[in-house]
Amino acid sequence: MDINFLAVIVAAILSFVIGSVWYSQKAFGKKWMALTNLNSEDFKKNAKGAMAGTILGGLVLACILAVFVGYANVDNFFDGALVGFWAWLGFVVTTSSSSVLFERRPIGLFLMNIGFHLVEFVLMGALLAIWR
């Protein structure tokens, strides 16, 4: 299977941009900090390492999602978004739910995080499908 690595890089950048907007102070950032008991100073201490890890994770995610899109043999926005949706539902929602069930994390934090990943997976799947 051929993977368009330029599309993978762009999808990883898209993931980072979506996350930057989603967790910005103008969107969900303040609520996210409150739900995680973090403050601006805590965030700044770990920001560089967290961002580097996020970029690396985005690259891995984009590469694996490109494989899923390839196996599904889709090449349009809607079908790529659908592949992203099913990957999100099957892997993100199911594995993230344990943070609420066992770690007793706030349901609001769970919904905020899976909401971000829904947008991320759907848009990345769509991009990877149309740019095969």
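Within region 71-94, the set of residues being free of Cβ contacts under 8 Å to residues at least 40 places away in the same chain and closer than 27 Å to Leu109 by Cβ comprises Trp86, Ala87, Trp88, Leu89, Gly90, Phe91, Val92, Val93, Thr94. Taking the criterion of being in a loop (DSSP other than H, G, I, E, B) and either farther than 30 Å from Leu128 by Cβ or out of contact with any Gly (no Cβ under 7 Å at 6 or more places or on another chain) (or both), the residues of region 22-51 that qualify are Ser24, Gln25, Lys26, Ala27, Phe28, Asn37, Leu38, Asn39. Determine if region 2-21 includes at least one residue that is surrounded by 13 or more Cβ atoms within 10 Å (Cβ to Cβ), modelled with pLDDT under 95, among the charged types (D, E, K, R) and not in a helix (DSSP H, G or I). Looking through region 2-21, none of the residues is surrounded by 13 or more Cβ atoms within 10 Å (Cβ to Cβ), modelled with pLDDT under 95, among the charged types (D, E, K, R) and not in a helix (DSSP H, G or I). Looking across region 80-95, the residues that are surrounded by fewer than 17 Cβ atoms within 10 Å (Cβ to Cβ) and either among the hydrophobic types (A, V, I, L, M, F, W, C) or closer than 15 Å to Val119 by Cβ (or both) come down to Phe85, Trp86, Leu89, Phe91, Val93.
Each residue in region 38-89 was checked for being modelled with pLDDT of 95 or more, among the aromatic types (Phe, Trp, Tyr) and either in contact with a His (Cβ under 7 Å, 6 or more places away or on another chain) or over 18 Å from Glu120 (Cα atoms) (or both), and 2 pass. Name the single residue that is surrounded by the most Cβ atoms within 10 Å (Cβ to Cβ) among those in region 55-79 being touching a Ser or Thr at 6+ places or on another chain (Cβ under 8 Å) and of a type in the set (A, V, I, L, M). Among them, the one singled out is Ala62.
When region 39-54 is filtered for residues that are surrounded by 14 or more Cβ atoms within 10 Å (Cβ to Cβ) and of a type outside the set (S, T, N, Q), only Phe43 remains. For region 96-122, taking the residues that are among the β-branched types (Val, Ile, Thr) and modelled with pLDDT of 95 or more, the one that is farthest from Leu65 (Cα to Cα) is identified as Ile107. Exactly one residue out of Val100, Val119 is under 12 Å from the mean Cα position of the chain (by Cα) and assigned to a helix (DSSP H, G or I), and it is Val119.
The values are calculated or read from the model by the stated rules, or taken from the named source; none is laboratory data. What you see is a predicted model; the values in this text were computed from it and never measured. All Cβ positions, even for glycine, are placed from backbone atoms using ideal geometry, and neighbour counts span all protein chains on display.
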